[in-house]
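No value in this document is a laboratory result; all are computed from the given coordinates. From a predicted model like this one, the values you see are computed outputs, not experimental measurements. For neighbour counting, all protein chains shown are included, and Cβ atoms are generated from backbone atoms with ideal geometry for every residue, glycine included.
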Amino acid sequence: MEQENARENGPITPQTRMGEIIERWPQTVAILVANGFAPLADPGHREMVKSLPVTLEMACAKHGLSLEEMLERLNAAVGRSDPGQSRGGGPAG
């Protein structure tokens with residue numbers, strides 16, 4: 001069960017839906033708005049996006065934005081660093 005929760009709370013990936021990002025991590029809205037997703041400043045637009053099957057990868061491609069940079073910024077905002085940076089951790093429990 002712990003592994004299942006870890007997966008649910010894992011980092012934002014290219015395949016994470018935009019709606020999931022703004023619903024689970026509302027602090028990311030300001031980052032998205034400041035980095036090319038200005039329409040998300042409108043609460044009505046955010047509600048619409050929540051129901052769409054659009055991934056972060058798809059949204060970045062549509063808006064001509066760097067997926068890698070967006071992933072770095074969003075994961076930093078939700079407290080997730082690059083997995084390659086956390087090598088010293090041992091198994092939990």
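What is the Rg over Rh value, at two decimals, for the range 10-79, using alpha-carbon atoms and the Kirkwood definition of Rh?
Numbers: Rg = 10.6 Å, Rh = 11.7 Å.
Ratio of gyration radius to Kirkwood radius for the range 10-79: 0.90.
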Legend entry - Distant-in-sequence amide H partners of Trp25 (H built 1.01 Å from N, under 5 Å): none
Legend entry - In nm, spacing of pseudo-spin labels at Ser51 and Glu23 (7 Å Cα→C-beta vector): 1.2 nm
Inset, instruction - Name the long-range amide H neighbours of Thr55: under 5 Å, sequence gap of 5 or more, or other chain; modelled H, no Pro or chain starts. - result: Met18
